[in-house]
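Written below as structure tokens is the structure these notes are about.
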Amino acid sequence: MQDAKVLLARLPTSALTEISSMEISAILAEYIDDDKIRRAKGLRESWIDLYREAQYDGKVPHGCNPAEATRKPIAKVKRRRLSLDEWR
């Protein structure tokens, strides 16, 4: 679980219940600022799943999912379709 390691590396002394949505949002903002929007989107989804699994195991209380409370990164498409003349 590479994405969990990112969270652990950034917040090594924090337990899952102590991590706030503001801290997660700050990490995602760094990826977005570096133009790694797809990576930020993937991290957010993985962290949402991580918290869901932690809820199922009883590690965090039900409803505790700070990753879900963050704004979803939106990746803009940078490519466009080729016209027939460009294709030829």
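The values are calculated or read from the model by the stated rules, or taken from the named source; none is laboratory data. Since the structure is predicted, the reported quantities are computational estimates derived from the model, not experimental observations. Cβ: placed from backbone, ideal geometry, glycine included. Neighbour counts: every protein chain shown. All accessible areas refer to the heavy atoms of the entire protein, side chains included, with ligands and DNA or RNA removed. Shrake-Rupley method; radii C 1.70, N 1.55, O 1.52, S 1.80 Å.
Just checking, how many residues over region 74-86 are surrounded by 11 or more Cβ atoms within 10 Å (Cβ to Cβ) and free of Cβ contacts under 8 Å to residues at least 24 places away in the same chain? Looking only at that region, the number is 0. Residues of region 1-29 that are open to solvent by 50 Å² or more (accessible area, probe 1.4 Å), more than 25 Å from Lys76 (Cα to Cα) and of a type outside the set (S, T, N, Q): Met1, Lys5, Leu8, Ala9, Arg10, Pro12, Leu16, Glu18.
When you check Thr70 against the structure, is it hydroxyl-bearing (Ser, Thr, Tyr) and touching a Phe, Trp or Tyr at 6+ places or on another chain (Cβ under 9 Å), yes or no? Here the answer is yes, as Thr70 does meet what is asked.
Scanning region 30-47 for residues that are within 10 Å of the chain's Cα centre (by Cα), open to solvent by 10 Å² or more (accessible area, probe 1.4 Å) and aliphatic (A, V, I, L, M) gives a single hit, Ile37.
Among the residues of region 1-41, how many are part of a helix (DSSP H, G or I) and either farther than 25 Å from Gly58 by Cα or touching a helix residue (DSSP H, G or I) at 6+ places or on another chain (Cβ under 7 Å) (or both)?
20
Among the residues making up region 53-68, a single one is charged (D, E, K, R), assigned to a helix (DSSP H, G or I) and either in contact (Cβ under 8 Å) with a residue 60 or more places away in the chain or farther than 13 Å from Ala4 by Cβ (or both): Asp57.
When Arg71 is tested against the conditions (1) touching a residue at least 40 places away in the same chain (Cβ under 8 Å); (2) surrounded by 13 or more Cβ atoms within 10 Å (Cβ to Cβ); (3) in a loop (DSSP other than H, G, I, E, B), the lone failure is (2).
Looking across region 48-67 at every residue that is of a type in the set (Asp, Glu) and open to solvent by 90 Å² or more (accessible area, probe 1.4 Å), the one that is farthest from Ile19 (Cα to Cα) is identified as Asp57.
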